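In what follows, a structure is listed as structure tokens, so that the remarks can point back to it.
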Amino acid sequence: MHLMNSIYAGLPNTIFDVMSNLARELNAVNLGQGFPDDPGPEDVRRKAADEVLNGWNQYPPMMGLPILRQAIADHFNRFQNLGLDPMTETMVTSGATEAIADSILAVVEPGDEVVLFQPMYDAYLPLVQRAGGVPKFVNLRPPHWDFTREDLEKAFSTKTRAIVFNNPHNPCGVIYSREQLALLAEFCVKFDVIAICDEVWEHLIFDGKSHIPLMAMPGMRGRTIKVSSAGKIFSLTGWKIGMVMAAPEIMRVVAKAHQFTTFTTAPNLQSAVALGLGKDDDYFRTMRASFQRSRDRFCARMTELGFSVMPSEGTYFVTVDIAPLGEADDAEFCQRLVREYGVAAIPVSAFYAQDPVKTVVRFCFAKKDETLDAALAKLEKLAARQRSEVA
Ligand code: GLN
């Protein structure tokens with residue numbers, strides 16, 4: 001395919017689509033791609049339907065509907081005290097992945113180094129490479145997937161233009177502490193770097209933990225592009241409504257990338273998300289409690305079955321260490337799991353470009369009890385088979 005761009009021509013299909021297709025084909029329980037069973041808040045969905053029938057269905061403004069931009073600023077000022085100005089510091093995109101793509105395109109020039117933290121969401125690296133960026137990897141250290149000062153010293157240089165950082169972290173399900181964020185901020189300031197911070201899981205945090213936006217760390221307000229996702233907040237992943245927050249001089253340039261990527265986003269969905277973001281604190285507490293309950297149900301039973309479950313502090317995901325099962329290849333394990341046992345999961349090695357951890361598998365627990373129980377019954381068969389092989 002010498003006529004096509006070599007970066008895209010050389011890419012495999014994204015693991016999310018591969019596993020969801022396998023799940024459909026094999027009629028397996030899909031705990032792979034991260035989407036909840038929950039249909040999302042009815043008032044928000046009704047508002048979207050009503051706006052299609054009775055509202056404006058022509059191009060909305062490029063930056064997003066004013067009502068949604070106001071709601072974004074109000075929402076994140078309420079929960080994270082960011083002091084955002086709606087008209088100069090917020091923008092609506094067609095999904096958080098578009099927001100990340102716009103940010104990378106707006107920041108990175110050919111030859112610039114970009115620090116990426118592995119395991120990383122699979123879109124980051126190809127987007128950086130397509131922008132001509134040179135990736136510098138930090139390998140997060142299990143089980144808490146932290147990084148050290150030495151790790152950052154090795155990755156940052158005078159050529160570093162940007163970092164792409166994800167917190168709370170997919171696929172690992174961890175939340176970064178103030179100390180880790182302060183260390184990262186120190187390097188961003190010292191090397192004069194833009195931080196593209198993917199915070200799409202910020203509302204999906206458990207056990208009373210709190211999320212600290214990187215933008216709120218000292219020296220970061222004017223150099224952070226914060227990316228959020230209404231799909232994740234409202235269990236409406238197919239809507240693809242991303243939100244970007246950044247200082248005006250950064251936002252102006254990110255908006256130029258957005259205007260020639262998707263330009264704008266369905267207006268009915270924007271109105272509906274504006275309604276959702278205005279919900280009272282109780283809504284968000286209840287939503288969290290419900291996902292936490294599903295996490296606990298899944299993890300408790302997995303632990304009973306003898307799986308080595310790693311802690312999940314946030315996101316829709318929990319990871320399982322398969323090394324104690326005598327497994328050495330997560331990709332091969334996930335193929336066997338879906339084909340022989342009927343459960344789709346995601347091998348974490350798919351989130352690495354080099355030196356992967358190959359014995360960790362990600363499960364999505366954001367499901368109805370009956371979906372989780374159906375998967376657990378199948379996983380029980382695998383656990384029993386493992387036990388009899390060891391015996
Ligand atoms: N964010 C979702 C996940 O991690 C997948 C998104 C996608 O399929 N593009 O599972």
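The values are calculated or read from the model by the stated rules, or taken from the named source; none is laboratory data. Being a predicted model, the structure only gives us computed values, none of them experimental. Every residue, glycine as well, gets a Cβ built from its backbone with ideal geometry; the counts of neighbours run over all protein chains shown.
Checked against the criterion of being surrounded by fewer than 18 Cβ atoms within 10 Å (Cβ to Cβ), over 23 Å from Thr261 (Cβ atoms), out of contact with any Asp or Glu (no Cβ under 9 Å at 6 or more places or on another chain) and not acidic (Asp, Glu), segment 72-80 contains one or more residues that satisfy it.
Filtering segment 74-87 to residues that are touching a residue at least 24 places away in the same chain (Cβ under 8 Å) and touching a helix residue (DSSP H, G or I) at 6+ places or on another chain (Cβ under 6 Å) leaves His75, Leu82, Leu84. Away from the ligand (no atom under 16 Å from the Cβ), among the small types (Gly, Ala, Ser) and touching a residue at least 24 places away in the same chain (Cβ under 8 Å): does that describe Gly55? Yes; evaluated as a whole, the condition is true for this residue. One residue stands out among those in segment 11-51 that are in contact with a Pro (Cβ under 9 Å, 6 or more places away or on another chain) and not in a helix (DSSP H, G or I): the one that is surrounded by the fewest Cβ atoms within 10 Å (Cβ to Cβ), which is Leu11.
Can you say whether Ala266 is more than 15 Å from the chain's Cα centre (by Cα), modelled with pLDDT of 95 or more and surrounded by fewer than 19 Cβ atoms within 10 Å (Cβ to Cβ), as far as the supplied structure shows? Yes. Can you give me the ranges of the helices (runs of 4 or more DSSP H) entirely in segment 53-112 with at least 3 residues that are among the small types (Gly, Ala, Ser)? Output list reads 96-107.
Residue by residue, here is whether (1) in contact with a helix residue (DSSP H, G or I) (Cβ under 6 Å, 6 or more places away or on another chain); (2) within 15 Å of the ligand (Cβ to nearest atom) holds:
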| position | (1), (2) |
| --- | --- |
| Val193 | no, no |
| Val200 | yes, yes |
| Met220 | yes, no |
| Thr237 | yes, yes |
| Ile241 | yes, yes |
| Ala266 | no, no |
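The number of residues in segment 310-324 that are surrounded by 19 or more Cβ atoms within 10 Å (Cβ to Cβ) and either touching a helix residue (DSSP H, G or I) at 6+ places or on another chain (Cβ under 8 Å) or part of a helix (DSSP H, G or I) (or both) comes to 6. Residue by residue through segment 118-139, note down the ones that are within 16 Å of the ligand (Cβ to nearest atom), touching an Asp or Glu at 6+ places or on another chain (Cβ under 9 Å) and not in a helix (DSSP H, G or I). Correct list: Gln118, Tyr121.
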